[in-house]
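Structure, as structure tokens:
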Amino acid sequence: MNHLSLIIKREYLTKVRNKSFIIMTFLSPFIFVGIFALVAYLSSLNSDTVRKISILDETGLFADEFNSSPHMQYKILQNITLEAAKKEAEIEEIYGLLFIPKTENLEDLSKKITFYSEDSPSLSMMSDINNMLETRVNTLKLKEAGIDSETIKSLHIDINTNQETFKGKETSKLGSGLKLIFGGVAGYLLFMFIIIYGNMIMRSVIEEKTSRVIEVIISSVKPRVLLLGKIFGTTLAGIAQFLVWVVLILVLMTVVTSIFGVDAASASPSQQIMENSIDGGTQQVLHDVMLEINNLPILNLIVMFILFFVGGYLLYASLYASVGAAVDSETDTQQFMMPILMPLVLAVYVGFFTVMDNPHGTVSQVFSYIPFTSPVVMLMRIPFGVPVWQQIISVVILFGSFIGMVWFAAKIYRVGILMYGKKPTYKEIFKWLKY
Amino acid sequence: MKVGILSNQYIYILQIKFMEKLLVVNNVSKVYGDYKALNNVSIEVEKGSIFGLLGPNGAGKTTLIRIINQITLPDSGSVILDGEPLQPHHVKYIGYLPEERGLYKTMKVGEQALYLAQLKGLSKQEAKERLKYWFDRLQIGDWWDKKIQELSKGMAQKIQFVVTVLHKPKLLIFDEPFSGFDPINANIIKDEILKLRDDGATVIFSTHRMESVEEMCDHIALIYKSNKILDGKLIDIKRQYRSNMFEIGLITPNHAAISASLMEKFEVFPATFKSINDELQYKVKVPDSVATNDFVNYLTSQGQLTHFVEVIPSASDIFIETIQKN
């Protein structure tokens with residue numbers, strides 16, 4: 001065990017003292033926030049521009065519908081041919097021209113309205129215009145049928161179904177949304193962590209081979225201990241880096257948002273919801289959110305988040321380590337990367353599609369036991385309430401597989417080091433297990 | 001009870017047998033897939049000796065060394081170190097300088113040496129003191145804060161040597177220890193190895209450089225195609241391989257006649273050695289039936305004998321001859 005702590009210490013210090021590691025640790029948040037600020041700045045520029053759109057309405061039915069907004073200016077054209085209107089639009093640098101021809105009846109109109117512009121217009125603007133036209137036509141049709149718009153408005157009732165479990169616990173759509181956000185963030189975080197630091201572990205396992213120090217080391221310590229030490233040491237360095245990132249990004253974000261105003265902050269999904277809620281009406285919603293958060297099984301979530309995050313990360317880390325153990329140099333790792341990434345991507349897909357759709361369905365359940373997918377899938381399921389025994393079984397399987405994986409990697413390592421300069425095939429690796 | 005006593009006696013006998021031997025390898029075999037790397041190889045290494053492990057490339061030497069270092073496990077057979085079957089904790093009694101060697105490139109010399117020494121079970125304090133001794137001794141003290149990648153290959157080799165011997169192992173295994181050294185440094189390292197031997201360490205020495213085998217080894221074993229084909233004290237092996245060949249120089253007025261009569265009586269080979277005389281120079285193989293003194297008498301009767309030396313087979317000759325025989 002003394003060996004293990006020595007190796008962990010060395011791995012950690014070498015990583016942390018590495019120049020490019022230090023630079024990346026402090027530069028990445030700046031780049032990240034910089035890009036973010038740039039996008040925020042550009043989109044604020046974008047929304048500042050005013051688009052002029054002229055409307056040639058031969059029917060005369062729509063003129064009142066188009067109210068100019070700060071971003072959109074509408075100009076109603078009258079007594080002018082389409083050709084002349086097009087020409088005028090080009091001369092006056094008007095963004096687009098909406099042409100509504102006169103037709104026999106409203107049904108014919110549906111396919112005859114045309115929007116002319118220099119280049120193809122944005123999807124959101126077109127759907128805005130479409131909506132406006134549709135609402136107007138529908139109102140007109142209802143009027144034709146003898147129902148006036150006031151009646152329609154008074155007939156419209158919003159339904160908000162209350163949700164309650166059999167045991168009387170209130171649930172809500174808002175709560176489901178929060179659960180999804182928690183699961184999504186947890187899954188995504190794990191995914192990122194594995195991708196970034198898995199590679200680092202792999203490189204660190206190859207290090208001994210490229211520097212040929214391996215035989216000296218391996219004549220002093222067991223390969224299993226060496227691999228464990230490398231995984232833990234690199235992970236600790238990773239956690240340190242991650243913490244620096246989180247702190248720096250939070251600080252920088254606060255600075256940036258104070259410069260650019262609320263606009264920039266609205267890009268993060270949780271705040272968007274908050275903001276929508278505030279837009280939607282009252283502080284009451286914010287209060288509801290806090291209430292919902294309290295309703296979540298917080299302690300269970302935190303404990304399981306830590307267990308699954310650590311377990312999932314370690315399992316994938318040991319997979320990366322086995323790849324490092326099997327090859328001689330980084331260029332040979334390509335053929336083995338695919339099988340690692342596949343289950344990880346699968347886990348994220350299952351998490352985001354199946355679990356969201358049906359958190360306790362068969363597919364969700366099965367994938368929350370398979371160790372390669374359970375960290376992501378189970379973490380997304382837990383907020384919806386998973387029996388504790390299921391969670392425990394899943395955690396035990398996960399950590400068991402981690403130990404098994406390290407054993408497997410050590411086995412490959414022991415043989416892999418003795419074969420220099422040859423790219424191994426899967427068949428050979430299988431044979432090595434029997435040596 | 002009786003069984004107990006018997007087995008105790010047995011262990012006692014075993015201990016006596018192994019007492020003089022630091023390392024005993026018994027019938028070790030190792031198979032990699034379809035390839036047999038070692039076939040029933042046994043060696044015994046006496047305490048305080050230098051044991052030369054010889055053989056052409058790919059013969060199985062490195063596999064044997066790795067088994068002794070517990071890097072790979074043998075398929076069958078056993079290894080006994082200092083009277084005990086090989087166990088994981090024995091790594092601290094062994095110092096191993098592998099042929100494929102290197103150090104962490106970005107680590108500083110001192111830090112790295114400390115790390116490797118601690119892995120071998122030394123405390124940090126102890127390791128520091130011993131490193132200071134060795135660095136002073138080899139006059140490399142000012143390298144302490146340099147990174148390995150800043151050093152030349154020979155310099156890195158010196159560090160590697162220090163790291164190998166630092167924990168005062170009972171058994172030192174050197175695989176091609178002189179590769180990468182210039183002659184001056186090779187000599188320094190050679191002297192250090194001999195000094196370590198004198199201080200009580202046992203050395204296993206694997207090399208292709210026959211002159212260093214000749215100079216240093218007490219005992220050699222030759223491995224060829226996974227089998228041990230020769231084993232014994234170097235001097236005994238040389239006696240075994242002696243061929244009763246003598247190099248002679250003879251001053252005589254009648255070269256042609258003497259040559260002819262020599263060739264008639266003996267097997268004669270041409271020879272050249274440095275001499276200030278104008279003489280006949282030959283290597284002559286004397287049959288066992290002829291006593292050496294009679295041969296000398298014969299020669300002196302033919303002319304003035306200026307040169308008479310027994311040709312002793314060199315380690316290199318023995319190496320080549322044995323392998324060609326197999």
Item checked: 11 Å cut-off, amide nitrogen to a point 7 angstrom out along B:Lys132 Cα→Cβ, residues in the stretch B:148-173 -> none
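Restricting to the stretch B:93-228, what percent of DSSP beta bridges are antiparallel, rounded to 5?
Rounded to the nearest five, the antiparallel share is 25 percent.
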Item checked: Cα convex hull of the stretch A:329-395, projected area averaged across orientations, nm² -> 5.0 nm²
Next item on the list: Would you work out which of A:Val50, A:Ser28, A:Ile129 lies farthest towards the positive end of the dipole of the stretch A:1-134? Charges go on Cβ: Lys and Arg +1, Asp and Glu -1.
Entry: A:Ser28
Checklist line | Estimated distance in nm for a label pair at A:Arg17 and A:Asp108, the labels positioned 7 Å out from Cα along Cα-to-Cβ | finding: 8.6 nm
Check: Can you give the accessible area per residue of chain B, in Å², using a 1.4 Å probe?
Finding: 50 Å²
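Suppose R0 equals 22 Å. What FRET efficiency, 1/(1 + (r/R0)^6) with r the Cβ-Cβ distance, do A:Phe115 and A:Lys141 give to the nearest 0.05?
Approximately 0.50, to the nearest 0.05.
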Check: Considering only chain A, what is the antiparallel percent among its DSSP beta bridges, to the nearest 5?
Finding: 35 percent
Check: With chain B treated as a Gaussian network of Cα nodes joined by springs under 10 Å, which of B:Thr106, B:Thr164, B:Thr202 yields the largest mean-square fluctuation?
Finding: B:Thr106
Note to self: Among B:Gln304, B:His255, B:Phe273, which residue has its Cα furthest toward the positive end of the charge dipole of the stretch B:202-326, with +1 on Lys/Arg Cβ and -1 on Asp/Glu Cβ?
What the structure shows: B:Phe273
Check: What is the sum of charges around B:Lys147, taking Lys and Arg as +1, Asp and Glu as -1, for the other residues whose C-beta is under 10 Å from the C-beta of B:Lys147?
Finding: 0
Checklist line | Distance histogram in 5 Å bins (all Cα pairs of the stretch B:157-210, percent per bin) | finding: 5, 19, 32, 29, 12, 3
Checklist line | Of the chymotrypsin sites (Phe, Trp or Tyr not before Pro) in the stretch A:127-218, those whose Cβ has at most 11 other Cβ within 10 Å and which sit in DSSP loop | finding: A:Phe166
Item checked: Heavy-atom accessible surface of the stretch B:95-184: percent carbon and sulfur, 1.4 Å -> 50 percent
Margin query: What does the net charge come to around A:Tyr116 if you take all other residues with beta carbon closer than 12 Å to its beta carbon, with K and R at +1 and D and E at -1?
Written below: -3
Item checked: Largest to smallest principal axis extent of the C-alpha atoms in the stretch B:88-162, angstrom -> 35, 28, 21
Margin query: As a test, work out the antiparallel percent of DSSP beta bridges whose residues both lie in the protein assembly as shown, rounded to the nearest 5.
Written below: 60 percent
Margin query: Using a 1.4 Å probe and counting only protein heavy atoms, how much accessible surface gets buried when A and B come together, both sides summed, in Å² to the nearest 100?
Written below: 2600 Å²
Margin query: Keeping all protein chains in place and using 1.4 angstrom, which order do A:Ile201, A:Ile302, A:Ile195 fall into by accessible surface area, from largest down?
Written below: A:Ile302, A:Ile195, A:Ile201
Next item on the list: Report the paramagnetic label zone for B:Thr322: residues of the stretch B:195-225 whose backbone N is under 12 Å from a point 7 Å from Cα along the Cα-to-Cβ axis.
Entry: B:219-225
Notebook entry, point to check: So, how do all the Cα-to-Cα distances of chain A break down into 10 Å bins, in percent, from 0 on up?
Noted result: 4, 15, 19, 19, 16, 13, 8, 5, 1, 0
Check: Using only Cα atoms, what Kirkwood radius does the protein assembly as shown have, in angstroms?
Finding: 34.5 Å
Next item on the list: Please give the direction-averaged projected area of the C-alpha convex hull for the stretch B:173-326, in square nanometres with one decimal.
Entry: 12.6 nm²
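Is the shape of the stretch A:84-150 best called rounded, prolate or oblate, per the rule: a/c under 1.5 gives rounded, else a/b larger than b/c gives prolate, else oblate, with a ≥ b ≥ c the square roots of the Cα gyration tensor eigenvalues?
Prolate shape, in that a/c is at least 1.5 and a/b is the bigger ratio.
Given N residues in the stretch A:7-46, what is its alpha carbon radius of gyration divided by 2.2 N^0.38 Å?
Relative to the 2.2 N^0.38 Å estimate, the stretch A:7-46 comes out at 1.83.
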Next item on the list: State the answer as a single residue: which of A:Gly183, B:Ala156, B:Asn326 lies farthest towards the positive end of the charge dipole of the protein assembly as shown, with beta carbon charges of +1 for Lys and Arg and -1 for Asp and Glu, about the Cα centre.
Entry: B:Asn326
Check: Tell me, how many Å apart are the Cα centres for the stretch B:132-169 and for the stretch A:348-402?
Finding: 53 Å
Next item on the list: Normalise the Cα radius of gyration of the stretch B:258-319 by 2.2 N^0.38 Å (N = residues in it) and let me know the number.
Entry: 1.20
Check: If you average 1/r over every pair of different alpha-carbon atoms in the stretch A:1-121 and take one over that average, what Kirkwood value in Å do you get?
Finding: 19.6 Å
Checklist line | Extension gain, A:Asp288 back to A:Lys87 (0.36 nm per residue minus Cα-Cα distance, nm) | finding: 66.9 nm
Check: Given 4 °C and 1.567 mPa s, how large is the Stokes-Einstein diffusion coefficient of the stretch A:104-215 in µm²/s, with Rh as the Kirkwood radius over Cα pairs?
Finding: 60 µm²/s
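Just the accessible area per residue of chain A, please: how many Å² with a 1.4 Å probe?
Details: 24120 Å² over 435 residues.
I get 55 Å² per residue for this part.
So how much slack lies between B:Ser42 and B:Ala260, counting 0.36 nm per residue of separation and subtracting their Cα-Cα distance, in nm?
73.5 nm
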Item checked: For the stretch B:109-258, alpha-carbon Rg over 2.2 N^0.38 Å -> 1.46
Next item on the list: Identify which of B:Ile258, B:Ile248, B:Ile276 has the largest mean-square fluctuation in a Gaussian network model of chain B, with springs joining Cα atoms closer than 10 Å.
Entry: B:Ile276
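Once R0 is set to 30 Å, what does the formula 1/(1 + (r/R0)^6) return for the Cβ-Cβ distance between B:Val31 and A:Glu330, expressed as a FRET efficiency to the nearest 0.05?
E between B:Val31 and A:Glu330, to the nearest 0.05, is 0.45.
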Item checked: Hydrodynamic radius of chain B per Kirkwood, over alpha carbon pairs, in Å -> 23.1 Å
Next item on the list: List the pair-distance distribution P(r) of the stretch A:359-401, using every Cα-Cα distance, as the percent of pairs falling in each 5 Å bin from 0 up to the bin containing the longest distance, rounded to whole percents.
Entry: 5, 28, 39, 22, 5, 0
Next item on the list: Work out the mean other chain Cβ neighbour count within 10 Å for the residues of B:65-77 and drop it here as an integer.
Entry: 3
Check: Dipole magnitude of chain A about its Cα centre, charges +1 at Lys/Arg Cβ and -1 at Asp/Glu Cβ only, in debye to the nearest 20?
Finding: 3400 debye
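Might you report the magnitude of the Cβ-based charge dipole of the protein assembly as shown about its Cα centre, with Lys and Arg at +1 and Asp and Glu at -1, to the nearest 20 debye? Spell out each step's value before the answer.
Numbers: 74 positive and 76 negative charges, 634 e Å.
Its charge dipole is roughly 3040 debye.
The values are calculated or read from the model by the stated rules, or taken from the named source; none is laboratory data. Values in this document were obtained by computation on a predicted structure and should not be read as measured data. A quick note on method: Cβ atoms are made from the backbone with ideal geometry, for glycine too, and the neighbour counts reach across all protein chains shown. Accessible surface is based on the protein model in full, side chains and every heavy atom, while ligands, DNA and RNA are left aside. Shrake-Rupley method; radii C 1.70, N 1.55, O 1.52, S 1.80 Å.
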